[in-house]
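Here's the structure, in structure tokens; my notes come after.
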Amino acid sequence: MEEVLKNFARQLAWVPEITHEQHLVRAPRVILCGMGGSRLAGDLVRAALPGRDIRIHADFGFPPLVGNDTLFVVS
């Protein structure tokens, strides 16, 4: 556990490499499903990207399906 704590800052410095970006489909709407601490990532992303349509669903069950143009992230 001590080693995990020592390497924590290094984990946050890692930048993932996106390959084949031309094949990614961009969804105009994102719904993050999570409760408690699981929804925190969605709150942070929504704050960092104020121009995007990012909604948080913090309840049991799934939100009503909006359409095929919606990315659902379940945390």
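The values are calculated or read from the model by the stated rules, or taken from the named source; none is laboratory data. Remember, predicted model here, so these are calculated numbers, not experimental data. No Cβ is skipped: glycine too gets one built from the backbone with ideal geometry, and neighbour counts run over all protein chains shown. Only protein heavy atoms, including side chains, enter the accessible area calculation; ligands, DNA and RNA are left aside. Shrake-Rupley method; radii C 1.70, N 1.55, O 1.52, S 1.80 Å.
In table form, for the structure just shown:
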read-out: Proximal charge balance of residue 67 [Cβ under 14 Å; K/R count +1, D/E count -1]; value: 0
read-out: Simple label model, 7 Å out from Cα along Cβ direction - residue 20 to residue 6, nm; value: 3.8 nm
read-out: Qualifying GluC sites (Glu not before Pro) for the chain [loop in DSSP, other Cβ within 10 Å: at most 11]; value: 17
read-out: Under the Karplus curve 6.51 cos²θ - 1.76 cosθ + 1.60, θ = phi - 60°, whole-Hz ³J(HN,Hα) for the range 10-19, x wherever Gly or Pro sits; value: 5, 5, 6, 7, 5, 10, x, 9, 9, 10
read-out: Built amide H within the under 5 Å cut-off of residue 71, gap 5+; value: 29, 30, 31
read-out: For the range 18-75: accessible area per residue (Å², 1.4 Å); value: 76 Å²
read-out: 3J(HN,Hα) from dihedral phi, the range 43-58, Karplus parametrisation 6.51/-1.76/1.60, rounded to Hz, x for glycine, proline; value: 4, 5, 5, 4, 5, 6, 10, x, x, 8, 8, 10, 10, 10, 10, 10
read-out: Estimated vicinal HN-Hα couplings, Hz - the range 20-31 in sequence order (Karplus 6.51, -1.76, 1.60; Gly, Pro = x); value: 6, 4, 5, 8, 6, 9, 8, 8, x, 10, 10, 10
read-out: Matching label, percent of Cα pairs over 21 Å apart computed from the structure shown, candidates [x] 34; [y] 47; [z] 8; value: [y]
read-out: In the chain, the chymotrypsin sites (Phe, Trp or Tyr not before Pro) that fall in loop regions by DSSP, at most 16 other Cβ within 10 Å; value: 14, 60
read-out: Charge dipole (the chain, unit charges on Cβ, about Cα centre) - positive-most of 22, 71, 48; value: 48
read-out: Helix-only [θ]222 nm of the chain, DSSP H runs n ≥ 4, -39500 (n - 2.57) each, per residue, nearest 500; value: -6500 deg cm²/dmol
read-out: Candidates 16, 50, 63, ranked by Gaussian network fluctuation over the chain, Cα under 10 Å, top entry; value: 16
